[in-house]
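The values are calculated or read from the model by the stated rules, or taken from the named source; none is laboratory data. Not measured: the values here are computed from a predicted model. Cβ atoms come from the backbone with ideal geometry, glycine included; neighbour counts cover every protein chain shown. Keep in mind that these areas ignore ligands, DNA and RNA; they rest on the heavy atoms of the full protein, side chains included. Shrake-Rupley method; radii C 1.70, N 1.55, O 1.52, S 1.80 Å.
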Amino acid sequence: MNAATYNFAYLDEQTKRMIRRAILKALAIPGYQVPFAAREMPMPYGWGTGGVQVTAAVIGPGDVLKVIDQGADDTTNAVSIRAFFRKVAGVATTTHTAEATVIQTRHRIPEYPLKEGQILVYQVPIPEPLRFLEPRETETRVMHGLEDYGLMHVKLYEDIAHHGRIATAYAYPVKVAGRYVMDPSPIPKFDNPKMTMSPALQLFGAGREKRIYAVPPYTEVKSLDFEDHPFEVQTFNEPCALCGARNVYLDEVVLDDRGGRMFVCSDTDNCESRRTGTGAQS
Amino acid sequence: MPQTMSLLDASLDGGFGQPVFEAQAAFRLLMDAMARPGSRHRVDADVAAPGLSGPAQATLALTLCDADTPVWCDDAPPALGAWLAFHTGASLTAAPGEAAFAFVGLGGAVPDDLPLGSQDYPDRSATLVIEVRGFGEGERFRLAGPGIDGSCDLAVDGLPEDFAAFRAANRALFPRGLDVVLTAGREIVALPRSTHFIPSEG
Ligand SMILES: [Zn+2]
């Protein structure tokens, strides 16, 4: 019994068409959250079912897929999603950013600069950037519709009053093409500047909340800030302890129970490529 | 031969040979077109629909239309309804206000009352597909906006007469508005609602 009982890329054609139409609308209205009828996927929501559905709707036999989880290609989550698409779509997979045509990501943007023709698919847990200010979907819809982002600015300014800076370090809100405020998913704000005017196409899928949104290539993505408190990314005092990279996002690794620790690249493929001198690296 | 029989015969032809893979390839082309407004693309599939203008329009219908998307077409022949039903499950509507996709042939006019979406749900708008004579000559535009690195130039031959006025009014509605796909035989150029049109000199 070898015959596949599922369709190419797992989803049925009607579901793919519905997701594809949503993606086209999302591209036409950058940063706006398009509702879609998400399907149950053979994995739990926390595993990025929204991203998986977007990837399934766009991927074709000629694609080369990379999957990262917090920058790493080798976590259970990333390995499982890669294996899933190898099986249901027969696609080639890679860990090298430069070789991938489709990159599905949970919470990072690769360090190696993306190029034209690449598609970055973000897994999104909570798509609504205004949700913590206003729990009602009908109200946040109206706020987006009216471009009424005053509450968001008040919240950020309160941060400055309390902390002397905007405390948000992840899922730092952005404004897309001068219109919609968007949640970039829980990437570190370190990655926010990589979104603006990127040559790559950026798609966002939220499975539980059934939303798709998009940033076309060469589109302005501006992190919200104030004139007297401009947006700033995290900085690191030391380079990666493994490859010596600076100006990359580092994770703190605890070495022992006596407080020993070191900082290493979050992007494992970039780090490995730098150490072995293989592949493209930033 | 009874008319119902010939309608059925006509409806069986003109679809994708390999629907799953051809729809995927066509979608990627459409996505690329929508992501990079003004860029020119060419569909490969040898498809044809009675009443639609050419392979590009038929490809778009086969890729995006189904039972959830009523289709409006100017001067739609009865055979188009049968073709859409057989290949896509979509139904023809005579009311532009109900359409998710509207197809306009060469020299046709843009219907007035296509759905434009609401302020809260601007995605609930129609996609307008217009056949033109060709690209690279004719009326010249400079385009800017999301998906365009700075600006790009587009020349279109055979646009509807009132297209410039339509585009200006459509852009003013943003985030509401229609997304336009221009087709010319096998060629496709997308002009989503986010695109700015700057009339270019010379
Ligand atoms: Zn490193």
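Anything losing 50 Å² or more of accessible area from the isolated chain to the full protein assembly: pick those residues out of the range B:19-39, probe 1.4 Å, ligands and DNA/RNA ignored.
Buried by the other chains: B:Val20, B:Phe21, B:Gln24, B:Phe27, B:Arg28, B:Met31, B:Met34, B:Ala35.
For A:Glu116, what residues show an amide H to amide H distance below 5 Å, using hydrogens built from the backbone and excluding near sequence neighbours?
Amide H neighbours of A:Glu116, under 5 Å, 5+ apart: none.
What is the mean projected area of the alpha carbon convex hull for the range A:235-282, to one decimal in square nanometres?
Result: a mean projected hull area of 3.4 nm².
For A:Lys115, which aspartates and glutamates qualify as cross-link partners when the Cα separation must be under 12 Å and same-chain residues fewer than eight apart are set aside?
Candidates past the 8-residue exclusion: A:Glu99.
Roughly how big is the range B:31-113's charge dipole about its Cα centre, with Cβ charges of +1 (Lys, Arg) and -1 (Asp, Glu), in debye to the nearest 20?
300
Suppose every Lys and Arg Cβ carries +1 and every Asp and Glu Cβ carries -1, with no other charges. What dipole size does the range B:2-199 come out with about its Cα centre, to the nearest 20 debye?
540
What angle, in degrees between 0 and 90 and rounded to the nearest 10, separates the Cα long axis of helix B:78-87 from the longest principal axis of the Cα atoms of chain B?
Tilt of helix B:78-87: around 90 degrees.
Over chain A, what is the mean sequence separation of C-alpha contacts under 8 Å (at least six apart), divided by residue count, expressed as relative contact order in percent?
22
Please state the shape class of chain A: rounded when a/c is under 1.5, otherwise prolate if a/b exceeds b/c and oblate if not, all from the C-alpha gyration tensor.
oblate
Taking each pair of different alpha-carbon atoms in the protein assembly as shown once, compute 1/r for the pair, average those values, and report the inverse of that mean as the Kirkwood hydrodynamic radius in Å to one decimal.
23.7
Excluding the sites themselves, what is the longest stretch of chain A that contains no trypsin sites (Lys or Arg not before Pro) in a DSSP loop with at most 15 other C-beta atoms within 10 Å?
Counting only loop sites that pass the neighbour cut-off, the longest clear stretch is A:1-114.
Wrap a convex hull around the Cα atoms of chain B, take a quarter of its surface area, and give that in square nanometres.
11.3
If you build a Gaussian network model of chain B, linking Cα atoms that sit under 10 Å apart, which residue out of B:Leu84, B:Leu173, B:Leu60 swings the most?
B:Leu173
Residues of the range B:154-202 losing 30 Å² or more of accessible area relative to the isolated chain, 1.4 Å probe, heavy atoms only?
In the range B:154-202, residues shielded by partner chains: B:Phe174, B:Pro175.
Counting only protein heavy atoms and a 1.4 Å probe, tell me what percentage of the range A:235-282's accessible area is made up of carbon and sulfur.
43
Taking θ = phi - 60°, what integer Hz values does the Karplus form 6.51 cos²θ - 1.76 cosθ + 1.60 yield along the range A:111-124, in sequence order, with x for Gly and Pro?
Listing the rounded values in order: 6, 5, x, 6, 10, 4, x, 7, 10, 9, 10, 8, 8, 10 Hz.
Can you give the mean number of other chain Cβ atoms that lie within 10 Å of the Cβ atoms in peptide A:208-221?
3
Tally Lys/Arg at +1 and Asp/Glu at -1 over every other residue whose Cβ is under 14 Å from the Cβ of B:Cys73; what's the total?
-4
Take the solvent-accessible surface of the protein heavy atoms, probe 1.4 Å, and return the percent of it on the range B:2-199 that carbon and sulfur atoms account for.
About 51 percent, which is the carbon plus sulfur part of the accessible surface.
Would you grab the residues whose amide H sits under 5 Å from the one on A:Ala241? Only those 5+ places off in sequence or on another chain, please, with H modelled 1.01 Å from N.
Placed amide hydrogens put A:Phe263, A:Val264, A:Cys265 under 5 Å from A:Ala241.
Under the classification rounded if a/c is under 1.5, otherwise prolate if a/b is larger than b/c and oblate if not, where does the range A:36-125 fall, given a ≥ b ≥ c as square roots of the Cα gyration tensor eigenvalues?
It is rounded, given that a/c, with a ≥ b ≥ c, falls under 1.5.
Rounded to the nearest 500, what is the 222 nm mean residue ellipticity of chain B from helices alone, with -39500 (n - 2.57) per DSSP H run of 4+ residues and division by all residues?
Here the helix-only value at 222 nm equals -8500 deg cm²/dmol.
Of A:Lys87/A:Lys222; A:Lys16/A:Lys66; A:Lys66/A:Lys155; A:Lys25/A:Lys66, which pairs sit farther than 27 Å apart, going by alpha carbon to alpha carbon?
Check vs 27 Å cut-off fails for A:Lys87/A:Lys222; A:Lys66/A:Lys155.
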